[in-house]
Amino acid sequence: MSTRMTIDEIANRLSVGKRTIYAMLEAGIIPGIRIGRRWIVTRYAYETWERTCGLNQCRQFALNDQAVAQ
């Protein structure tokens, strides 16, 4: 198992699209480091985030994103 997670893996685990994941990374909601055009998300940091507050933050972000789109 890799120590890094792909954007697709994260999107599948949270049941959201890749654009939402990129927006959450940009906003600092999901822990990650940007190097050039790439995002690096370690499995440890992501799983810690997911256990502590991640799903609640993701739901709130998705609800806000939908409200803005309407």
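In this structure, does SER2 turn out to be in contact with a helix residue (DSSP H, G or I) (Cβ under 8 Å, 6 or more places away or on another chain), among the polar types (S, T, N, Q), at pLDDT below 90 and open to solvent by 40 Å² or more (accessible area, probe 1.4 Å)?
yes
May I ask you to list the residues in the range 9-21 that are assigned to a helix (DSSP H, G or I) and out of contact with any helix residue (DSSP H, G or I) (no Cβ under 7 Å at 6 or more places or on another chain)?
Answer for the range 9-21, where residues must be assigned to a helix (DSSP H, G or I) and out of contact with any helix residue (DSSP H, G or I) (no Cβ under 7 Å at 6 or more places or on another chain): GLU9, ASN12, ARG13, ARG19.
In the range 12-44, which residue that is modelled with pLDDT of 95 or more and of a type in the set (Gly, Ala, Ser) is surrounded by the most Cβ atoms within 10 Å (Cβ to Cβ)?
Among those residues, the one meeting the criterion is GLY32.
The values are calculated or read from the model by the stated rules, or taken from the named source; none is laboratory data. Because the structure is predicted, anything quoted here is derived from the model rather than measured. Note: ideal-geometry Cβ built from the backbone for every residue, glycine included; neighbour counts use all protein chains shown. To get the accessible areas, we keep the full protein, side chains included, count just its heavy atoms, and leave off ligands, DNA and RNA. Shrake-Rupley method; radii C 1.70, N 1.55, O 1.52, S 1.80 Å.
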